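Accompanying notes for the structure given below.
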Amino acid sequence: MPDYQLLLQHMNMISNDINDSSDENDLKEEDFIIEAAATTAISAAFAIIDYSQTYYDKTPYHDSTLTGAAWICELLNGHPKCIHKQLGVHKHIFQALILALQDAGYRRSKFVTLEEQLSIFLYTCVTGLSLVHVCEHFQ
């Protein structure tokens, strides 16, 4: 992974070479083109480094201590107003919706329970958040 300082030093060396070879007022058109090309190449290198950092920097992004299932369990077993605030329905309504979905033939997916699926839907409807923000609760 190239170092930013090394690229900046290289850019300064090119700029100094061009400025040393002729007066500031007498710069040739070719010198401007060379300096512009070097600046463009270095800018492109910075952009590539910034873009590739996300693939090499393995810092966890969704690192909440509660997974989606644990959060649902906390809502169902916690204060009754909490589930209403987060999902927009009371606990007995949530349970009735789960039963209605089960009666309609819906089941858990391979990794996500039916309760979690309903919670994702309700939470998204209540908050109006984007998928990125909803993922913070449901990992």
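Any read-out appearing in this document is the output of simple, stated calculations on the displayed coordinates, not a laboratory observation. Just so it is clear, the structure is predicted and the values come from calculations on it, not from any experiment. Because the Cβ atoms are built from the backbone with ideal geometry, glycine has one as well, and the counts that use them run over all protein chains shown.
Okay, here's what the table says:
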{"item": "Gain upon complete extension [residue 124, residue 92; 0.36 nm per residue less C-alpha separation]", "result": "9.6 nm"}
{"item": "Fewest-first sequence of 35, 115 by Cβ atoms within 10 Å of each Cβ", "result": "35, 115"}
{"item": "Ranking of 103, 31 by count of other Cβ atoms within 10 Å, fewest first", "result": "103, 31"}
{"item": "Packing-based order for 117-129, 88-100, using average beta carbon neighbours within 10 Å, highest first", "result": "117-129, 88-100"}
